[in-house]
Amino acid sequence: MFHSKHAMAVAVAAIWALSGAAAAQEYDFDEGALEFYVGTSIGYGNFDYKGDVSGSHSSSGAAASIFGGARLPLNPEATNGFFIGGELEISTENGWNANVPLGTIQDGANSLQVEFHLGYRTPKVAYFGYAGVASKGIDQLPDFQESAYTFVGVGADISLSERLALRIEAELGDMTIHTLDTYELRKTELNIGLVYNF
């Protein structure tokens, strides 16, 4: 089973290993300028149901996302240094469900994520951590409407060319569902994708 602590450990190890073997090609950064990018990713994740009643379950499924964002270097004169940024992501998960006493909580509508990024970049790799909020629609018996949840993550964009980068990231999110009872879900997800820097 895919657990959160294992996911984060695997992701961090993969990020360091791949970034250490990054291609010789460097990013074509504009020093001191606000940098924009778009991308797409696929992933695999897990939802752990954590309830106060018996019958807790976990289930895994696939994910796909499109995203875009911007980064602002905190040291405009350097190619290496810290940056802040923001990102908007639309994603969908399918193939997972969590069995609870009232029925089955299943995958529903797309989720919309708003993220704040803080990171450090070199000419070959941009490392970052992020946090944000998301809105997720869920199909459930009985009916359930959209829910907001919070999440954190780590990742890296590894240079493949002057404009193209490979993205690897791991994410943890906590969701609380209120119906006739209260249910807590922890979302764990590993993603890999491509980023195009303008």
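Some points to look at:
- Radius 9 Å from Cβ of residue 192, net charge of other residues (Lys, Arg +1; Asp, Glu -1): 0
- Each residue of the range 78-89 is assigned a 3J(HN,Hα), and the resulting list reads 10, 7, 9, x, 7, 9, 10, x, x, 9, 10, 9 Hz, derived from the Karplus form 6.51 cos²θ - 1.76 cosθ + 1.60 (θ = phi - 60°), x at Gly and Pro.
- Using a Förster distance of 25 Å, the FRET efficiency for residue 196-residue 148 (Cβ separation, nearest 0.05): 0.30
- Rounded to the nearest whole Hz, the Karplus-based 3J(HN,Hα) values (6.51 cos²θ - 1.76 cosθ + 1.60, θ = phi - 60°) of the range 154-163 follow the sequence 9, x, 8, 9, 9, 4, 10, 7, 5, 10, with x at glycine and proline.
- For residue 86, the residues whose amide H sits under 5 Å from its own are 70, 117, ignoring neighbours fewer than 5 places away on the same chain, with H placed 1.01 Å from N.
Readers should treat all values here as calculations from the given coordinates under stated rules, not as data from a laboratory. Since we're looking at a predicted model, the values are computed, not measured. Cβ: placed from backbone, ideal geometry, glycine included. Neighbour counts: every protein chain shown.
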